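Single-structure report; data block below.
The values are calculated or read from the model by the stated rules, or taken from the named source; none is laboratory data. None of these values were measured; they are calculated from a predicted model. As a convention, Cβ positions derive from the backbone with ideal geometry for all residues, glycine included, and neighbour counts pool all protein chains shown.
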Ligand code: NCD
């Protein structure tokens, strides 16, 4: 009996990118490798490819965003897609209804890719089940923000060569942060050691399940860290008082050069933005020689190009 020739399994077999959860290390590495190529495209004078020519990409943002939305817009345009931005001011009461209605309306316009940000965790997954195109999660509540974790990993890998074996301290408002959640999943998948650092009110419960260590003492938390990832204090997601005062917060958990010296020599500093200077990070550190913050923005476009291009390979008639 002869075996029929088998087609090799695709390197990235998913129709959507809804989270880091569910991705294998190889699938993550596939996206990072592709993003390295996209960096070269973005650094050319002629920044245009035509892999998405004829395709429609809609950026549907239920939550305000500057950098993520413009990053997805530039990424889509560099690949030749027709990109449309839709910002939806939503009432929190009618959230569910508005979302499904909007999804049905947009679906009828036959987009190929929907990039969605929503203030409710799980909303993007729900929407993905209602449409026939590919969906990318650009941040859903405090749940996931997969392209941010991928761009952070790309930035780290380009400086350190690998993620495996690195110690990464994620500091600040972890409990409200989709960036932290996606980064924890990705860094664990690629073999980094993750330390979460912040006041106990902002650390997640059940951290053991996430395979991370937690620290309320910044000095112990930063010890041995190759990467110090600072997070914004998400005051819009807090009801009640999570921190005594901004001044006190900065004193204990704000990253200044004195605290940065507790990390490994030459540790690199990251922040997903937007930054609250003087709250979670001292401007001197944010703009200092160890900061990768501006580079993260550049890598953001490359990673989004890689994700769009990869998902487009699975679109009908691709
Ligand atoms: C992050 C987000 O929206 O989750 N920012 C971003 O994607 N540019 C982090 C934050 O808002 O603090």
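At-a-glance table
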quantity	calculated
Every residue from segment 232-246 that is under 21 Å from residue 184 (Cβ atoms) and either without any contact (Cβ under 8 Å) to a residue 12 or more places away in the chain or out of contact with any helix residue (DSSP H, G or I) (no Cβ under 6 Å at 6 or more places or on another chain) (or both)	232, 233, 234, 237, 238
Pick from segment 173-186, criterion in contact with a strand residue (DSSP E or B) (Cβ under 7 Å, 6 or more places away or on another chain) and over 16 Å from residue 22 (Cβ atoms), ranking: nearest to the ligand (Cβ to nearest atom)	180
Selected residue [away from the ligand (no atom under 16 Å from the Cβ) and at pLDDT below 95] from 42, 65, 91	91
Residue satisfying all of: in segment 297-318; in a helix (DSSP H, G or I) and out of contact with any helix residue (DSSP H, G or I) (no Cβ under 9 Å at 6 or more places or on another chain); nearest to residue 153 (Cα to Cα) among these	311
Index of the failed condition, residue 229 passing every other in (1) farther than 26 Å from residue 32 by Cα; (2) at pLDDT 90 or above; (3) within 16 Å of the ligand (Cβ to nearest atom)	(1)
Residue in segment 218-225 that is surrounded by fewer than 22 Cβ atoms within 10 Å (Cβ to Cβ), modelled with pLDDT under 95 and on the phi < 0 side of the Ramachandran plot present	no
Filtered residues of segment 99-121 (kept if at pLDDT below 95, within 16 Å of the ligand (Cβ to nearest atom) and surrounded by 20 or more Cβ atoms within 10 Å (Cβ to Cβ))	118
Residues (on the phi > 0 side of the Ramachandran plot and within 16 Å of the ligand (Cβ to nearest atom)) located in segment 122-172	122, 139, 141, 172
Hey, residue 158 assigned to a helix (DSSP H, G or I), surrounded by fewer than 19 Cβ atoms within 10 Å (Cβ to Cβ) and at pLDDT 95 or above or not	yes
All positions within segment 247-274 that are within 27 Å of residue 65 (Cα to Cα), surrounded by fewer than 19 Cβ atoms within 10 Å (Cβ to Cβ) and either touching a residue at least 60 places away in the same chain (Cβ under 8 Å) or in contact with a strand residue (DSSP E or B) (Cβ under 6 Å, 6 or more places away or on another chain) (or both)	273, 274
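For every residue, the table says whether it meets (1) in a helix (DSSP H, G or I); (2) away from the ligand (no atom under 16 Å from the Cβ); (3) in contact with a helix residue (DSSP H, G or I) (Cβ under 8 Å, 6 or more places away or on another chain).
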site: 29; (1), (2), (3): yes, yes, no
site: 32; (1), (2), (3): yes, yes, yes
site: 38; (1), (2), (3): yes, yes, yes
site: 49; (1), (2), (3): no, yes, yes
site: 54; (1), (2), (3): no, yes, no
